Amino acid sequence: MSPRRARLLLALIALGVVAGAVCGWAFGPAMASVAWLGELFLDALKMLIVPLIVAAVVSGVGSLGDVRRLGRLGAVTIGYYAATTALAVLTGLVMVNLIRPGEGVSLEAAAPVAGLAEKAEIGAADILLSLVSPNLVQAAAETQLLPLILFAILLSAALTTLGPKGEHVLAFFDGLNEALMRVVEWIMYLAPAGIFALVAHRLGQAGGGEAFWGQLQAVGLHVVTVLAGLAVHFLVLLALLAFLARRGLGYLATLGRALLTALGTASSSATLPLTMECAREAGVRERPVRFVLPLGSTVNMDGTALYEACAALFIAQAYGIELGLGQQALVFLTATLAAIGAAGIPEAGLVTLVIVLQAVGLPLEGIGLLLAVDWFLDRFRTTVNVWGDAVGAAVVDRLLGGQTAWPPARGTGS
Ligand code: ASP
């Protein structure tokens, strides 16, 4: 996509977000009439996730030429994910301890949370087990992405040991990836209308402006704490981008379409095709685009991790339970784990929050306090999740790019 067209599309998508918010606010539930348009855009993106992840990871890892090189790429990637997720949780903990949003909140505002606890009866072992699926077709149908990524890594590792036979298959996946990225470009033209409809419909579902304003006010300081924490972490990532990847606001602008799509869809998985396309346009080389971004979209969720820490301490404060340093350390660990375990779909973080609450013995009913505004905060934490992945791709590109002859990004020659 030419830079001029990309800028125009970014402006149209931004307009879509604003117009969606205004219409949802003003017309409330009547905006259900445009729901189909948002659904169409979302389904078109979702349609691409599974084939794109398999083609990208197989061709990306396969292009390393030798499986042993995966160790270095994997180690730097995981190191970046772990460090930034830890920073995010720390930021959340500091903010919630400073602002203390839960104090004085009326527990009567809590909505019933029946079913949520059972749905989220997951522990650390389940997260490990989710790495492998006995049935790949079922995993694909349920968009469980980790087993698909693991399978793609194993397949590409095997292909690199087969000589010319393996190269033919890798070339197939490479071509498939290119074709799918072309489809992403086409679907991107739907984004302004699709995102308008998604935002307008969701705000309409919340009852429109007045009703939503009331819900916001019931837990107003919680909303402020989370948004402030997310803003701080967004800036921390921008600083990391500048220092480690030597990139700046130009990168942010190019990624703008993906970030606004994350805001509109509340799903980092659905946004993945656009994140990959924008990162390529920004000149990030193919290997980080094809490896760091797909993996990041499922395991690297800075915004979700920050949110889980804020939410757990908010609930503790609301119930008048003082958490000491040791218990906050436990929140730190479990919030990280819960973010890794959360799927890249709307409001997944609310479900895995149960892990954190159970670990420190906080009342699960506390989640009821957060239900009404979760859809709203979800959009912002998803945006930070996607930004974290995009910065990761640029950082890994820079840290490892100089040492191996990586294929250049399309059309940039960098
Ligand atoms: N909606 C988030 C995402 O897709 C996950 C969450 O925090 O609920 O990244």
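The values are calculated or read from the model by the stated rules, or taken from the named source; none is laboratory data. It should be emphasised that the depicted structure is a prediction, and the values quoted were computed from it without experimental measurement. For neighbour counting, all protein chains shown are included, and Cβ atoms are generated from backbone atoms with ideal geometry for every residue, glycine included. Heavy atoms of the whole protein, side chains included, go into the accessibility calculation; ligands, DNA and RNA do not. Shrake-Rupley method; radii C 1.70, N 1.55, O 1.52, S 1.80 Å.
Selection of the stretch 150-170 for residues being open to solvent by 60 Å² or more (accessible area, probe 1.4 Å), closer than 11 Å to Gly62 by Cβ and either in a helix (DSSP H, G or I) or at pLDDT 90 or above (or both) yields only Glu167. Within the stretch 34-41, at least one residue is assigned to a helix (DSSP H, G or I), crowded, with 17+ Cβ neighbours inside 10 Å, under 21 Å from the mean Cα position of the chain (by Cα) and in contact (Cβ under 8 Å) with a residue 40 or more places away in the chain.
When the test is whether a residue is open to solvent by 10 Å² or more (accessible area, probe 1.4 Å), touching a helix residue (DSSP H, G or I) at 6+ places or on another chain (Cβ under 7 Å), at pLDDT 95 or above and of a type in the set (Gly, Ala, Ser), Ala206 does not pass it. Taken together, Leu244, Leu249 contain a single residue that is farther than 21 Å from Arg182 by Cα, surrounded by fewer than 24 Cβ atoms within 10 Å (Cβ to Cβ), in contact (Cβ under 8 Å) with a residue 24 or more places away in the chain and not aromatic (Phe, Trp, Tyr), which is Leu244.
Among the conditions (1) more than 15 Å from the chain's Cα centre (by Cα); (2) within 16 Å of the ligand (Cβ to nearest atom), the only one that Gly250 does not satisfy is (2). As a summary of the residue check, Ala359 satisfies the conditions (1) within 26 Å of Gly104 (Cα to Cα); (2) more than 11 Å from the ligand (Cβ to nearest atom); (3) within 21 Å of the chain's Cα centre (by Cα); (4) of a type outside the set (S, T, N, Q) except for the one numbered (3).
Conditions (1) more than 11 Å from the ligand (Cβ to nearest atom); (2) open to solvent by 10 Å² or more (accessible area, probe 1.4 Å); (3) under 22 Å from Ala140 (Cβ atoms); (4) in contact (Cβ under 8 Å) with a residue 12 or more places away in the chain, marked per residue:
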| site | (1), (2), (3), (4) |
| --- | --- |
| Gly264 | yes, no, no, yes |
| Thr271 | no, no, yes, yes |
| Met301 | no, no, yes, yes |
| Leu306 | no, no, no, yes |
| Ala311 | no, no, no, yes |
| Phe314 | yes, no, no, yes |
| Gly320 | yes, yes, no, no |
| Leu323 | yes, yes, no, yes |
| Gly349 | no, no, no, yes |
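Restricted to the stretch 333-347, and to residues that are surrounded by 18 or more Cβ atoms within 10 Å (Cβ to Cβ) and either among the β-branched types (Val, Ile, Thr) or away from the ligand (no atom under 16 Å from the Cβ) (or both), which residue is modelled with the lowest pLDDT? Checking each candidate, the answer is Ile340.
Applying the selection to the stretch 79-113, what residues are in a loop (DSSP other than H, G, I, E, B) and either modelled with pLDDT of 95 or more or under 17 Å from Gly349 (Cα atoms) (or both)? Working first, answer last.
Our first condition is that a residue be in a loop (DSSP other than H, G, I, E, B); within the stretch 79-113, this holds for 100-106, 110-113.
Of everything in the stretch 79-113, just one residue is in a loop (DSSP other than H, G, I, E, B) and either modelled with pLDDT of 95 or more or under 17 Å from Gly349 (Cα atoms) (or both), namely Val113.
Looking only at the stretch 355-383, count every residue that is polar (S, T, N, Q) and open to solvent by 30 Å² or more (accessible area, probe 1.4 Å) and tell me the total. So the count comes out to 1.
Out of Ala311, Ala270, Ala279, Ala305, I need the residue that is over 30 Å from Val61 (Cα atoms) and either assigned to a helix (DSSP H, G or I) or not hydroxyl-bearing (Ser, Thr, Tyr) (or both). Which one?
Ala311
In summary, Arg290 fulfils each of the numbered conditions (1) near the ligand (Cβ under 9 Å from one of its atoms); (2) in contact with a Gly (Cβ under 6 Å, 6 or more places away or on another chain) with the single exception of condition (1).
Checking the condition touching a Ser or Thr at 6+ places or on another chain (Cβ under 9 Å) and closer than 26 Å to Leu90 by Cβ, which residue from Gly320, Gly283, Gly296, Gly324 passes?
Gly296
If you go through the stretch 362-382 one residue at a time, do you hit one that is over 24 Å from Thr143 (Cβ atoms), without any contact (Cβ under 8 Å) to a residue 60 or more places away in the chain and more than 15 Å from the ligand (Cβ to nearest atom)? Within the stretch 362-382 (the criterion being over 24 Å from Thr143 (Cβ atoms), without any contact (Cβ under 8 Å) to a residue 60 or more places away in the chain and more than 15 Å from the ligand (Cβ to nearest atom)), the answer is yes, since at least one residue qualifies.
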